[in-house]
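Colleague: I have a structure here, written as structure tokens, and I will follow up with some questions on it.
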Amino acid sequence: MIALQTAIPEVLIVEPRVFGDERGFFFESYNRTEMARLGITDVFVQDNHSRSVKNVVRGLHYQIQKPQGKLVRVTAGVVFDVVVDLRRASPTLGKWVGVEISADNKRMMWIPPGFAHGFAVLSEFAEFQYKTTDFYAPQFERCIRWDDPVIGIVWPLEGEPIVSPKDRAGASFAQAEMFN
């Protein structure tokens, strides 16, 4: 595996070594030793899996207490995956990184605790899987609007986004709870 840095140094794109031939392919999607070599030493406690249709936007989600680090990947389709830095003391506070990850490119993204996360589905559907470093705690879940103009994420959508009522009611960046 190799790690590619993003504009926010703590957020990494992880590219696995893929072995392919006429039968198909094989790769390790998680190897604790390899992840530690890349600097990802967190322990994962939960795996999640979602399926969404084209133009669905999920997020921007985070947990203000019991924050979750996430190792995300796509096993079917294509998504535009986004993280926003919510760490008050960070020089990249309020900055975002967006990366296309797909079943074809097999890229993963490491999102440490302290970031809001969301994605948009670019293919007809996508299956999105991720590991988390802490358990889901709905009482601490927070959401920032996916289209907040202060953050200014450029979502590569074709057509009207499909957003849940909960995500439409997300806080603005200016009103969002941040991490110390």
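Laboratory data are not the source of any read-out in this text; all were calculated from the coordinates shown. No experiment lies behind these values; they were computed from the predicted model shown. Heads up, the Cβs are rebuilt from the backbone with ideal geometry, glycines too, and the neighbour counts pull from every protein chain shown.
Colleague: Looking for something within 21 Å of V72 (Cα to Cα) and among the charged types (D, E, K, R) - is there at least one such residue anywhere in segment 146-166?
Modeller: Within segment 146-166 (the criterion being within 21 Å of V72 (Cα to Cα) and among the charged types (D, E, K, R)), the answer is no, since none of the residues qualifies.
Colleague: For segment 131-146, which positions are crowded, with 16+ Cβ neighbours inside 10 Å and more than 15 Å from V43 (Cβ to Cβ)? Lay out the reasoning, then the answer.
Modeller: Step one: list which residues in segment 131-146 are crowded, with 16+ Cβ neighbours inside 10 Å, which gives 131-134, 142-146.
Selection gives R142, C143, I144, R145, W146.
Colleague: Given F119, F128, which one is farther than 20 Å from I8 by Cβ, of a type in the set (F, W, Y) and assigned to a strand (DSSP E or B)? Walk me through how you get there before you give the answer.
Modeller: Values: F119 fails: farther than 20 Å from I8 by Cβ.
Step by step, each of F119, F128 is checked, and only F128 is farther than 20 Å from I8 by Cβ, of a type in the set (F, W, Y) and assigned to a strand (DSSP E or B).
Colleague: Would you call F80 under 21 Å from G152 (Cα atoms), hydrophobic (A, V, I, L, M, F, W, C) and crowded, with 19+ Cβ neighbours inside 10 Å? Before the answer, list the steps.
Modeller: Numbers: under 21 Å from G152 (Cα atoms): yes; hydrophobic (A, V, I, L, M, F, W, C): yes; crowded, with 19+ Cβ neighbours inside 10 Å: yes.
Spelling it out, F80 is indeed under 21 Å from G152 (Cα atoms), hydrophobic (A, V, I, L, M, F, W, C) and crowded, with 19+ Cβ neighbours inside 10 Å.
Colleague: Exactly one condition in (1) surrounded by fewer than 22 Cβ atoms within 10 Å (Cβ to Cβ); (2) within 23 Å of D42 (Cβ to Cβ) is false for L86; which is it?
Modeller: (1)
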